[in-house]
1. Starting from the Cα of residue A:192, step 7 Å along the direction of its Cβ; do the same at residue B:46; then give the gap between the two resulting points in nm.
2. Run through the DSSP bridge list for the protein assembly as shown and note the antiparallel percent, rounded to the nearest 5.
3. List the aspartates and glutamates whose Cα sits under 14 Å from the Cα of residue B:171, skipping any in the same chain fewer than 8 residues away.
4. Between copies, how far apart are the residue A:441 label points? List them in nm, one decimal, shortest first, with each point 7 Å from Cα toward Cβ, please?
5. Please give the charge dipole size of the protein assembly as shown, origin at the Cα centre, charges +1 on K and R Cβ atoms and -1 on D and E Cβ atoms. Round to the nearest 20 debye.
6. Got a sec? Charge dipole of region A:317-460, +1 on Cβ for Lys and Arg, -1 for Asp and Glu; which of A:418, A:335, A:319 is way out at the positive end?
7. Cα to Cα, under 23 Å, and not fewer than 8 places away if on the same chain: which lysines meet these conditions relative to residue A:223?
8. Once phi is turned into θ = phi - 60°, what whole-Hz ³J(HN,Hα) does the Karplus curve with 6.51, -1.76 and 1.60 give for every residue of region A:98-106, x standing for Gly and Pro?
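Each value in this text was obtained by applying a stated rule to the coordinates, not by laboratory testing. In this text the structure is predicted, and so the values were computed from the model without any measurement. Positions of Cβ are backbone-derived with ideal geometry, glycine not excepted, and every protein chain shown enters the neighbour counts.
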Protein chains: 2
Amino acid sequence: MAKKIPTRLYLDEEEIPKYWYNLRADMQDKPDPILHPGTLQPATATDLEVVFCKECIKQELDDTTRLIEIPEGLQEFYRAYRPAPLIRAKFLEKALDTPAEIYYKHEGTNTSGSHKLNSAAAQAFYAKAEGLSSLTTETGAGQWGTAMAMACAFYGLGLTVYMVKVSSEQKPYRKALIETYGANLIPSPSNTTEAGRKILALNPNTGGSLGCAISEAVETAVKTDKCRYVLGSVLNHVVLHQSIIGQEAKAALDKYDIKPDIIIGCAGGGSNLGGLIAPFMGDKLAGKSKTQFIAVEPASCPSFTRGRYAYDFGDTAKTTPLLRMYTLGNGFIPSANHAGGLRYHGMNPILSKLYHDGFLEARSAIQTDVFDAAVRFAKIEGILPAPESSHAIKVAIDEALACKRTGEKKRILFGLTGTGYFDMTAYMAYNAKTMSDVIPSDADLEQGFSSLPDIPQNKQ
Amino acid sequence: MAKKIPTRLYLDEEEIPKYWYNLRADMQDKPDPILHPGTLQPATATDLEVVFCKECIKQELDDTTRLIEIPEGLQEFYRAYRPAPLIRAKFLEKALDTPAEIYYKHEGTNTSGSHKLNSAAAQAFYAKAEGLSSLTTETGAGQWGTAMAMACAFYGLGLTVYMVKVSSEQKPYRKALIETYGANLIPSPSNTTEAGRKILALNPNTGGSLGCAISEAVETAVKTDKCRYVLGSVLNHVVLHQSIIGQEAKAALDKYDIKPDIIIGCAGGGSNLGGLIAPFMGDKLAGKSKTQFIAVEPASCPSFTRGRYAYDFGDTAKTTPLLRMYTLGNGFIPSANHAGGLRYHGMNPILSKLYHDGFLEARSAIQTDVFDAAVRFAKIEGILPAPESSHAIKVAIDEALACKRTGEKKRILFGLTGTGYFDMTAYMAYNAKTMSDVIPSDADLEQGFSSLPDIPQNKQ
């Protein structure tokens, strides 16, 4: 007899996975290598060491080790807020009157409010272990900056956070939270870096972008002693750390013999989606499942659905290594009117490869539809979701309603990456019906693509 | 062999208590009865029916039934966010270098951000079951208003929330959150009620108080068809609902044979403290334990430590039934400078009786000390606490440091009632060092006491 499925499918502490899962090891066709922007040759660990922590670089370049052990000093931190709840959305199912089963992995119960803490803690742990004194990073919506501030406070490291200017203005309390944890927060673009000054000279009124903020944070890290740069998404080692989400979700579902038919995640840089789907995608690549995977991105920043699969810089100042990914071009700056996060021009290389090879689908959503879904979910399931997460909610509802029409009892799993407690300005705009939908024109996209590097690899 | 104690002492879903524990049934000396303010006779159910839901009144007046079943339709809601984590504060213990063990019950992982949802859900459930269409209530710091808004959205009831004006100004995002859940929010005192208009006429610039807001909410409930008033603290049925906190905490601790030596809770109206300690106090009253119980209140609103044990009104307009409780007088309005919540003149009658009879201790704390403890806790344990909860944290740290001096391995349990995500204005003031401590003078207190009702029962 099947076990009775509870509303919250918890794991015991001993059941928290002790290994990250490196999906690349199980991909027959691997993502293309990172390139050194000067030589256009595959980047070596030495090339990257001036910017990143050593252990993170090792993980970034490792596409063969399947399971990577989570160090005990980090497991200890994980145990303070994990396992994250895996919840059966019984109320939502009932409200939608759908035969589908809906599950969500809720990563927002920690103070950073999102899954970002999973990689922030890992990167701070390694930085401390390597003897560094401080880190720099950027933050957009603010979850990553908060997560890094918490992790650095815990492990005893200094932190400078370049926060996308429009976000720091829209979210004064998010800024205050990051500062409460002791970080030095600088709205970006700023006058503290050459990259910032250049961007301000070209466009003094810009609200900034993640690409700009990354340039500033990298520049500061390189110029500061015993300091490195950390990034909260896009890179492969971040997706590796986030595989704890999928590992936990799979362990909990396995306890009840539940095999998801559809897995849905929002996608900005790809860290949550990549982490959530990792072990399930491993099964699919091995022919063990036919799970459907859906990335949901904002229509205002449609890297997958309207982007190009090309080598591009991670930042606006064109200083980072080159990643082959779906991208809108490093010069693409999404509209400041978009309150829903996920405002990054590129996409993680693993996910980009899987999408390119047809293992992953993508859809875009406009922000009023996303907030409709968010408020509906909040009222029914009791959790006020982050705008980012709400992209996944929107498509989960769409899929559940499709099941209602067809009568299919699909099992849908989506990632609830975080809560919207520091996104009330966006909810206020939605409540006041002043929220607008911003979709870039083809000309806007062409403008972004014109910033792609003019290299042989992009002409194949 | 003793079981290994995990960081988070979870219960399985089937282990969530199905009964509330009514501590009064086990008190040899019961709290004094509620009095009708006109007749000064013990209030009957009929007296109270114009204001409150029937089932809540039944629970309010019941001091003999030990265990009261949580209805299944409410258990279903509880399962969506409970069990609340019981966490061993391993990092805090290490940072304090104390031999004490510190545990905290974390009630802040739901969107309302606090334990308030436990009673909000119960009261909305009963209101719906009784065929009401809407409810009114007041909110101070905002947790209760949010909890009621969530519960009313879930059960399909209208809600009007009178929010203490100074709070609605200090916490615009809290206001937005309540509105996102569909409630009608009115800053109090307002011109929408006679009580509000009277208070404004006397003091047009008042920041309001819970007492004023209660008057307005009660008046509106009485004047509206199929509408009743709900209160988030002070009353005995609220403490009953909150006993789920203590019931769960005790069930989890019992699994590991842990008997707390000290239990600490913050105290405003007493709902969290009363709920947390209930089953443990039952053991103490039965001679089964010698647990020490400590209430922590703000020095700015010292109901226990400087108040009088007297019959008093629950509201400023002197319209509610009379409760015998520790009170500063219904006319006492705590300083608006105090950012830390817990700004209510009275205290739950059960707790008042226990304090009067020596079973419960009380201490007061000034707000900068409370925020020192809050930020310390946030950095060490990773959770940004609500200012209210931080009163308990402050004394938990004091007690753990006392153990360090004496070498005692006491087991300390405190209630982490909620998170501070909507209290960033207070944290900003703390970070900017503009926070001040406000302690009422003896003359201020005498002024408050002068508002106590001049009745024979108060002259004994």
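1. About 7.1 nm separates the two model spin labels.
2. The antiparallel proportion sits near 35 percent.
3. Reachable aspartates and glutamates: A:423, B:179, B:423.
4. Copy-to-copy label distances for residue A:441: 6.9 nm.
5. Computed about the Cα centre, the dipole is about 520 debye.
6. A:418
7. A:54, A:58, A:128, A:165, A:198, A:318
8. 10, x, 5, 9, 10, 10, 9, 8, 9
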